Amino acid sequence: GLPAALPSLPLELTTLYNSLLFTVGTSDSAIKGEAEGIRVGLLRVLEACGACGQDLSTEELWQKVLQEVTVEKLRAPLHQLGALQAVWWLADSRLGSAASLFRLLSNAQNLKGRAHSSDGKNELFYLLKAWQVPTQGFSLPLVQSARDLKEILCTATVFLRGLQELEAGNFPTALSLLQEAAGGFCSKRVLAQIYTCLGCCAQRMGKPLTALQYLKRALQVDFQCLSALSHVAAVYRELGETDAELQALALLYEALEKKPPAAASSSPYFLIRIELLVHTPILASLLRHHQPSEVKYLLAQRCLQDGRVADAVEHYLDFLALLQEGLQQQVPLDGGSALPRIPEVFLEAASALGQAGRHQDAITVCEEVISRTTDLIPRMLRVEEWRDQPECPSPGAGLAGGLLSQKKESLRCLAWRTGGYLHQGWAWAKLGNSKEAVMQFSRCLGDLLRVQLYGSGVEPAGSLLPEVEVLQKIRLLSLIGRGAQFLDLGRHKEALLDFQHGLQISPDDPAAASYLVQALWELNRKQEAAARWQEFSQRAPGEDGQQEGQGRPFPLYLVSCLKQAAFPHRESLARSVQGYLGTVSRDPSS
């Protein structure tokens, strides 16, 4: 409450500087908002000089103080406060405000041309480099010197600029800036983060080997930088090195399961650290913390995709056990997670169990999905099967979008439920119980009748709603599966009907076409079977199965069903048909 006096201002401003450093540095959280203490200090300076600036913004206040106050004893304390002000502005990504301040502090007008040669984007970095920190004129100690702040601000500025260029897609510029940051003054933890960003930048530039070098360097600097290890796995996946990818994921899971030791820190310890200044969304995304359950799922998924069925089963069962134990809080459900919806994970587990020959276990897992989705599906769904046209603003657009979203969710639940029946059908077929298999396939097809699709005209390929495409594929696979079981049971006419319906859904499906020929052959309609065979055989090479390879990929849990639906007797059927055609050509009366 004492009036401001010039003789005591250096001590007052230095005390304010130390106080703010302690307040910010000991909070161990990101710096946010305005530094009100600095504003109060600047107003005290103006008061001591007989001026006022209550109505000025912080930027205008600094300009007035630095242009009007020429007392030499205040020069060092004001520069110290200026560095601290830059900390706040840099934490708020206000690089322009910080650059204007240091232009005033250093009178570095000669640097403007150099800065503008780079479109002014790196002006703050050049100004910080040129800034000469004044010598303190009295002996009151500082808890962190302005020179140390200068080094931290330089590194934080170039790090932040590198992240901005990385986010903008200017990868060569980002790489250069991040390399500059890596040579700056920072802790081991921050250096590892910078190397991780360099690795991600190199990966996006199409340089996976360079990316691996940076990411491995990050782990050498700070072995607790686990985000670097997750990026290593991603790079190995891009390179097609599955063994190395799985090893990296296993190491990541093991590290996440352990309690982490104390974080790597800088030496000596500083109150103002780069971690408090640089906290942009892209950095948070690149350094995102993975839950152990998420990594466990990635291990299961990649093993299943690579055909390592035994390992996939082990990982899926571990993951399902985590869910059954009620530890859902360890299963991230945010948009950045690698996890699909939980019912899909159950179906993937069932797929792995089926491929491992554990068919009863697969049936049990699918029953869990079926029972949990029963009450989530309406008795009837009427859905526009084609993609919506680009949305136009209209009074009812929000309501219509909400209804469409609800219908899509119902379609997903129906896909999970019918996917469960589909897997159960194939599992019973593998167990040799054709009647039970037919029952499960029929339940699948019966549930699919809940959906009424409508549309107008012929739409281009690939324009179907993704949910509708999945349901159509499930229906096709169920028809093929049930038809195959009908053949085993000697119910050839019913099998023929299923294969005909399957070809109505997907006229070019090679499995449905081959099964249709076999059904006709078993019904002794050999001439028709031969004609159909010739028709299918005359297609252009690669035309068969074209539906499977184009457009969006189908869910992972359907891949094993696609393989099981493949016609297994193509060569023997071909020999029978060709033999028949040879006989007919020699003796048309036969």
Hey, can you rank 280-289, 11-20, 156-165 by average C-beta count inside 10 Å, highest first? 156-165, 11-20, 280-289
R0 = 25 Å: FRET efficiency of Glu325 with His289, Cβ-based, nearest 0.05? 0.70
If I ignore ligands, DNA and RNA and count only protein heavy atoms, how much of Trp416 is accessible to a 1.4 Å probe, in Å² to the nearest 10? 10
On the accessible surface of the stretch 144-290, probed at 1.4 Å, how many percent belong to carbon and sulfur atoms? 52
Heavy-atom accessible area order for Trp521, Trp62, largest first, 1.4 Å probe: Trp521, Trp62
The summed charge of the Thr210 Cβ neighbourhood (under 13 Å; Lys/Arg +1, Asp/Glu -1) stands at +3
Could you pull the accessible area for Lys121 with a 1.4 Å probe, rounded to 10 Å²? 100
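The values are calculated or read from the model by the stated rules, or taken from the named source; none is laboratory data. Predicted model only: the values in this text are computed from it and were never measured. We place every Cβ from the backbone using ideal geometry, glycine too, and count neighbours over all the protein chains shown. For the accessible areas, the whole protein counts, side chains as well, though only heavy atoms, and no ligand, DNA or RNA atoms are used. Shrake-Rupley method; radii C 1.70, N 1.55, O 1.52, S 1.80 Å.
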